[in-house]
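Working notes, structure below.
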Amino acid sequence: HWYPMVGEYSENCVNNWWINGLHLQVFYKKDEMCNFVTWWVSLDFIYHVFALAVIWAIMLAGNKFGFLFIAGTLFGSIGYQSYQHYTLGLPPNVFSSIPQTGAMWSTMTLDFFWTPYTHSIPYFFGFYVGYLMALKKKLIMRQLNTRRALIGWTVAVS
């Protein structure tokens, strides 16, 4: 009973171990991924390498270049994501394809959801907000006292 469940995936691991080792599974042989959860590890690795490049560029070229670079990345991702969504003929959301056919699920998952540009918008927006918070730390600390922080967390949790 074990082989029908994991046989195909274990063969993918044997054949494509180097793709997982280099974190390329979101770009190359997506349909032969060794372990389906590793798509996120690959994305995370790519984003961290890209973030290091952005930090290095900000250090060399300054804050304005960093803002323009992040803004360009965000708008470029939005544009490419919209283009891909349209050309793949995907529904406006996943729920409209229920019951999901195998073809729709594989197209939606492999060719759209597991790609770097789909998740780059929240990642780089958060990256830039964190960067701004680091730049404006004194201003934030003046505005954010213990009482305001407690109220904010209470509202966020409830």
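The values are calculated or read from the model by the stated rules, or taken from the named source; none is laboratory data. None of the values given here were measured: they were computed from a predicted structure. Cβ placement follows ideal geometry from the backbone for every residue including glycine, while neighbour counts extend to all protein chains displayed.
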Which residue out of D111, D44 is at pLDDT below 80 and charged (D, E, K, R)?
-> D111
Could we say that S96 is assigned to a helix (DSSP H, G or I), exposed (fewer than 14 other Cβ atoms within 10 Å of the Cβ), modelled with pLDDT under 80 and not assigned by TED's automatic domain parsing to the domain that holds K30 here?
-> yes
Which listed residue, of Y117, Y123, is in the same structural domain as I140 (by TED's automatic domain parsing), modelled with pLDDT of 85 or more, part of a helix (DSSP H, G or I) and surrounded by 15 or more Cβ atoms within 10 Å (Cβ to Cβ) | Y123
Answer yes or no as to whether L60 is modelled with pLDDT of 85 or more and either exposed (fewer than 12 other Cβ atoms within 10 Å of the Cβ) or touching an Asp or Glu at 6+ places or on another chain (Cβ under 7 Å) (or both).
-> yes
Of A134, A156, the only residue that is under 26 Å from A53 (Cα atoms) and exposed (fewer than 10 other Cβ atoms within 10 Å of the Cβ) is A134
For A103, all conditions in the list (1) over 28 Å from T38 (Cβ atoms); (2) modelled with pLDDT under 85 hold save one; what is the number of the exception?
-> (1)
Go through the range 25-57 and give me each residue that's within 14 Å of the chain's Cα centre (by Cα), surrounded by 15 or more Cβ atoms within 10 Å (Cβ to Cβ) and under 15 Å from L110 (Cα atoms).
-> Q25, V26, T38, W39, S42, L43
